[in-house]
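> Let me begin by handing over the structure; questions about it come next.
The values are calculated or read from the model by the stated rules, or taken from the named source; none is laboratory data. This one's a predicted model, so the numbers in the text were calculated from it and none came from an experiment. Cβ sites come from the backbone with ideal geometry, for glycine too, and all protein chains shown count toward neighbours.
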Amino acid sequence: MKTLHIINLFALALICFSCSTKLKDKDIAQKNDYNAYIETEDQDWLQTLEGDYKFWDSKLKNHPDQFPYLAKKASALSAKFNITGNIDYLIEAEMDLIEANKRTNYSNSGYLRALARNYISQHRFKESLELLKKAEAIGEHLKGTQNMLFDVYLELGNTNEATKYLVEIQDFSDFDYLIRLSKWQDHEGNLDGAIKYMEKALKMAESSNNPNKKQWVYTNIADYYGHDGQVKKSYEYYLKALSLDPSDAYSKKGIAWIAYSYDNNPQEAMRILNKVTQTHKTPDYELLKAEIAAYMGDSLSKSKHLNAYLKAVENEKYGDMYNAYNTIVFTDELQIFDSALKIAKKEVENRPTPHSYDLLAWSYYKRGESEKALDIVETYVKDKSFEPTILSHMAHIYKANGKVAEAHDLKKELLEASYELGPVATQFNKSI
């Protein structure tokens with residue numbers, strides 16, 4: 001993929017910033033709450049992780065026959081990837097885990113799960129599934145394997161198998177089961193149920209005082225509260241996550257979204273993201289910055305950020321990790337429809353989920369093949385996903401096919417989801 005120079009990205013956003021009339025007594029995102037986390041450099045965390053990595057790397061070099069050191073080193077590399085977003089760390093961790101599995105003849109379920117987890121991060125779900133089936137056959141720490149099998153089957157769109165494993169792991173007193181039951185409820189469009197079970201998991205994590213569990217549940221429940229319109233609660237839990245881990249880029253991004261989409265303060269959102277991306281450099285952050293710049297009418301900045309995204313995803317090490325983003329960039333911004341369609345078809349092959357089929361339908365729609373898009377929506381998407389972005393695509397496809405009543409019904413839902421979609425998408429949906 002070649003880097004392209006784009007002007008006038010997100011054209012609809014040019015009128016959004018000036019016409020916004022959102023009125024509130026007080027913004028939710030307050031600098032005094034989070035500024036210490038935003039301004040704090042992540043170098044201390046990185047130095048700690050680097051020290052951990054060097055320790056295990058040195059042990060391995062001195063004792064190359066000790067294959068457990070490979071897994072320890074891979075764990076340190078994965079932690080570095082989580083903070084920095086540097087794909088090189090994830091790929092190096094993969095190499096170490098492959099070697100650890102080779103040395104144990106793929107007979108250690110812990111190493112199989114570790115490599116499967118790495119592949120999940122790379123969106124290589126089918127390869128992850130193969131490893132987990134091997135781990136399941138071994139039987140060691142079976143419940144941990146079954147938990148991950150549920151995760152992977154859900155990512156692959158195989159709801160029958162996902163349901164099977166959800167039954168296998170059922171235990172309402174178990175944190176790992178509750179968070180997966182919550183995820184299942186969200187998948188089924190039952191946000192109230194998703195929040196209910198995540199709140200149960202939250203109480204469990206806090207009573208056990210396990211920092212890793214608390215960190216995980218804080219960020220996830222913050223997302224759910226945001227989806228439900230409980231933006232103040234969402235904000236509070238992002239802050240709780242940051243109090244445990246000041247390097248948590250995801251929570252900082254969540255607060256930036258609140259500043260942008262709820263508080264109508266795109267300048268502050270951009271300030272937060274610019275700070276985050278000094279250390280954490282995953283490509284999708286550049287797309288969010290491009291959208292916010294577009295909302296502010298800054299065409300030079302939005303072009304710069306979109307080009308930064310395109311340059312980043314040229315790195316072949318990302319594999320299929322950014323297929324979904326790339327499809328939307330090609331359809332909505334670059335208008336290179338054949339390339340978008342090719343990527344969408346690959347994503348359907350990799351993951352035949354409603355989300356992947358939505359990308360395929362949207363690619364056909366933008367290419368001018370509205371009837372084909374409608375057929376895909378009716379067959380693979382309708383009543384199978386309730387994400388606002390997918391509903392937005394459905395509404396536009398319905399309208400193009402003369403199904404005006406259906407489009408208007410979805411429009412009502414979409415306008416209620418304006419916070420989750422953001423001001424640019426909301427303005428776009430007003431045209432339905």
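> Do we have Ser392 as touching a residue at least 24 places away in the same chain (Cβ under 8 Å), in a helix (DSSP H, G or I) and of a type outside the set (Asp, Glu) here?
yes
> OK, next. Looking at region 253-278, which of its residues are farther than 15 Å from Asp27 by Cα, among the hydrophobic types (A, V, I, L, M, F, W, C) and free of Cβ contacts under 8 Å to residues at least 40 places away in the same chain?
Answer for region 253-278, where residues must be farther than 15 Å from Asp27 by Cα, among the hydrophobic types (A, V, I, L, M, F, W, C) and free of Cβ contacts under 8 Å to residues at least 40 places away in the same chain: Met270, Leu273.
> Could you tell me whether any residue of region 276-288 is under 20 Å from Glu39 (Cβ atoms), surrounded by fewer than 21 Cβ atoms within 10 Å (Cβ to Cβ) and out of contact with any helix residue (DSSP H, G or I) (no Cβ under 7 Å at 6 or more places or on another chain)?
So far as region 276-288 goes, yes, one or more of its residues are under 20 Å from Glu39 (Cβ atoms), surrounded by fewer than 21 Cβ atoms within 10 Å (Cβ to Cβ) and out of contact with any helix residue (DSSP H, G or I) (no Cβ under 7 Å at 6 or more places or on another chain).
> Scan Ala308, Ala294, Ala344 and give me the residue that is modelled with pLDDT of 95 or more, under 20 Å from the mean Cα position of the chain (by Cα) and within 25 Å of Ala249 (Cβ to Cβ).
The conditions single out Ala308.
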